[in-house]
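A short worksheet on the structure shown next.
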Amino acid sequence: MTLSPSPFPPTSWAGIDDVVIVGGGLAGLFCALKLAPRPVTIITAAPIGEGASSGWAQGGIAAAMDESDSVEDHLADTIAAGAGLVDGPIARGMAQEAPERIRDLLAYGVPFDRDLEGRLTLSREAAHSRRRIVRVGGDRAGAAIMQALIEAVRQTPSIRVLEGFVAETLKAEGPYVTGLIARDRRGGLSARILLQTRAVVLASGGIGHLYAVTTNPPEARGEGLGMAARAGALVADAEFVQFHPTAVDVGRDPAPLATEALRGEGAAIVDRKGERFMFEIHEAGELAPRDIVARGVHEAKMSGRGAFLDCRQAVGEEFPERFPTVFSACMEAGIDPRTTPIPIAPAAHYHMGGVHVDGLGRTSLDGLWACGEVASTGAHGANRLASNSLLEAVVFAARIAEDVQGLLPNHRVIGWSGESTPESPADELSEDVLLTRLRRLMAAEVGVVRTQTGLEKALEEIATMAEGARHPSLVNSLAAAKLVTVAALRREESRGAHFRSDFPHPVPAEAQRKFLTLGRADAIAKGIAAAYHDKRIAGAHG
């Protein structure tokens, strides 16, 4: 096989370890470290850490570390936010393991904030009943955690990192995943290689970049979810997409995030007249669950009232020191948050759904595990509690590492396969045009507020786009978009982050998780798209 151009020396291509981790975010790096000294290869599309949403997380990690707090309180808050769909045992286990995982991160060099007596500084975020958010530098938790883990990974000889590789297709023999096809982005569309492996850990991130307005990096476009679904993996809770209510609305892509900690410290959401409107919607005002705040901001913007985050009284002159990331983003856009309210908009932020996994991170396919945002563990239910995402990532990454070690105690090195894949005729420009079209469609019809008509329209257009898609990465993204849209159409109620204006209330009988395969989604979408198309044609001749 002729390998693609690469900066790696020839000896790097001599073999591949029997555990391959897809994704260089928090979940992937933590899992690799936990697997040490077992040889592991991480493949990541962007330079390690750069394409990961983890590095952009501003809040921190939720953990009951204070004497006044408890696992039971953390669990209760998680269940309340999850709107009836949280898997109780999974959430309890996650909360119980939180302190141990925080200690792991400290051992890897994460500089969590401490008070003068050396105790961890804890803050409070929306829907938490206690101060339990472990932070770094106010709003730099994600970046600091990633920096520490990247350094730890680079110092661990058993971990090999292949940067610039995009996982495109899982290979399987029967129900067992045996490897994957990856493309070297630097070698063009035809630079594809087959990695054989006994274990694949999918830690590829979320789907935020399927939406026109998002806080996620460009790599978070659902490719891992789509790839797993195309291989037959079961998907859970795909309809539940969390929109962060306070993205900084200055036209940047991705949109900068105004951390929830600002509201925890007293910042107010106001309209153009400076009037607070969230208390008209919920008794907790700005500290209501994210889905409620996101809809409130969405409605204010759609009505012309506008929406702004006023931090002048709560933070004021201390803004640069307490929230440097947000301050920098605002100043770059010409907004001084010390003197001017920040324009905000809801933005796709986190996917509660994903590849269905059990308590050990195992998917429905043998040989494939998943953790982080690409997975759906049941811990978040219909609406993730703030700062539980980073916690879930490290908890399940550690569990997967232990499970892999138990199932495959003896590692071995496998030679590179001689298989090559044909060149793709796809035109990069046309693929970019289709992705832009998809992002606008998802924002308009599968966003903060959904309707049957809009979802049906989305499915018809996704089907049309799929006919012209040749690039495997776009095929994966379209598959992920289809799963989210079909799941949203099937859930005829409003619950958590999923809001249907034509079914605006929760239905008790629907208080259960729902599962879907891509094959089933294809069948549903095909029927709906055909019916919608016929209805539209009939109306045109009406």
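Since every read-out is calculated from the coordinates, none of them should be taken as a lab result. Model, not experiment: these values are computed from the prediction. Using ideal geometry, Cβ is built from the backbone for each residue, glycine included, and neighbour counts are taken over all protein chains shown.
In units of the rule-of-thumb radius 2.2 N^0.38 Å, the stretch 428-540 shows an alpha carbon radius of gyration of 1.09.
Expressed in nm to one decimal, what extension gain is obtained for the pair I281 and T517 from 0.36 nm per residue of sequence separation less their Cα-Cα distance? Intermediate values should be presented prior to the final figure.
Details: separation 236, 0.36 × 236 = 84.96 nm, distance 3.66 nm.
Fully extending the segment from I281 to T517 adds 81.3 nm.
In order along the stretch 115-129, phi translates into HN-Hα couplings of 8, 5, 8, x, 7, 4, 7, 10, 10, 10, 10, 3, 6, 8, 8 Hz, rounded to whole numbers, per the Karplus curve 6.51 cos²θ - 1.76 cosθ + 1.60 with θ = phi - 60° and x for Gly and Pro.
Each Cα pair under 8 Å and six or more residues apart adds its separation to the average, and for the stretch 114-205 the resulting relative contact order is 14 percent. Given H placed 1.01 Å from N in the peptide plane, which residues other than close sequence neighbours of H351 have an amide H under 5 Å from its amide H? When sequence neighbours closer than 5 places are left aside, the close amide H contacts are I207, Q242. For the stretch 350-359, 3J(HN,Hα) computed residue by residue from phi via the Karplus equation (6.51, -1.76, 1.60; θ = phi - 60°) reads 8, 9, 6, x, x, 5, 5, 10, 8, x Hz, glycine and proline entered as x. The equivalent ellipsoid that matches the C-alpha gyration tensor of the chain spans semi-axes of 34, 30, 22 angstrom, in descending order.
What separates the Cα centres of the stretch 463-528 and the stretch 291-306 is a distance of 24 Å. Rounded to the nearest 500, the 222 nm mean residue ellipticity of the chain from helices alone is -11500 deg cm²/dmol, with -39,500 (n - 2.57) taken per DSSP H run of at least 4 residues. The slack between E299 and Y176, meaning 0.36 nm per residue of separation minus the straight C-alpha distance, is 39.6 nm.
Note that the stretch 83-93 has calculated 3J(HN,Hα) couplings of 6, x, 10, 5, 7, x, x, 5, 5, 5, x Hz, one per residue in order, obtained from phi through the Karplus relation 6.51 cos²θ - 1.76 cosθ + 1.60 (θ = phi - 60°); glycine and proline are x. Measuring against 23 Å, Cα to Cα, the residue pairs K457/K482; K457/K535; K171/K514 contain K171/K514 as the ones spanning a longer distance. The packing ranking, built from the mean of other Cβ atoms within 10 Å per residue, places the peptides 205-216, 499-510, 319-330, 258-269 in the order 205-216, 258-269, 319-330, 499-510, highest first. Mark the label point 7 Å from the Cα of L407 along Cα→Cβ and return the residues of the stretch 343-385 whose backbone N is within less than 11 Å of it. Under 11 Å, as judged by backbone N against the label point of L407, lie 358, 360-370 of the stretch 343-385. Taking amide H atoms as placed 1.01 Å from N in the peptide plane, the amide H of H356 lies under 5 Å from those of L234, V235, A236, S376, each 5 or more residues away in sequence or on another chain. Model label sites at R536 and D253, defined 7 Å from Cα along the beta-carbon direction, differ in position by 2.2 nm.
Length available on full extension from A444 to E67: 0.36 nm per residue minus the Cα-Cα distance, which gives 131.2 nm.
At q = 0.09, 0.25 Å⁻¹, what is the base-10 log of I(q)/I(0) for the stretch 245-347 according to the Debye formula with one equal point scatterer per Cα and no solvent? Please give it to two decimals. Calculated log10 I(q)/I(0) at the listed q: -0.18, -1.50.
Under 5 Å between amide hydrogens, built in the peptide plane, is the criterion, and for I21 it picks out T41, I42, I43, V201 among residues at least 5 positions away or on other chains.
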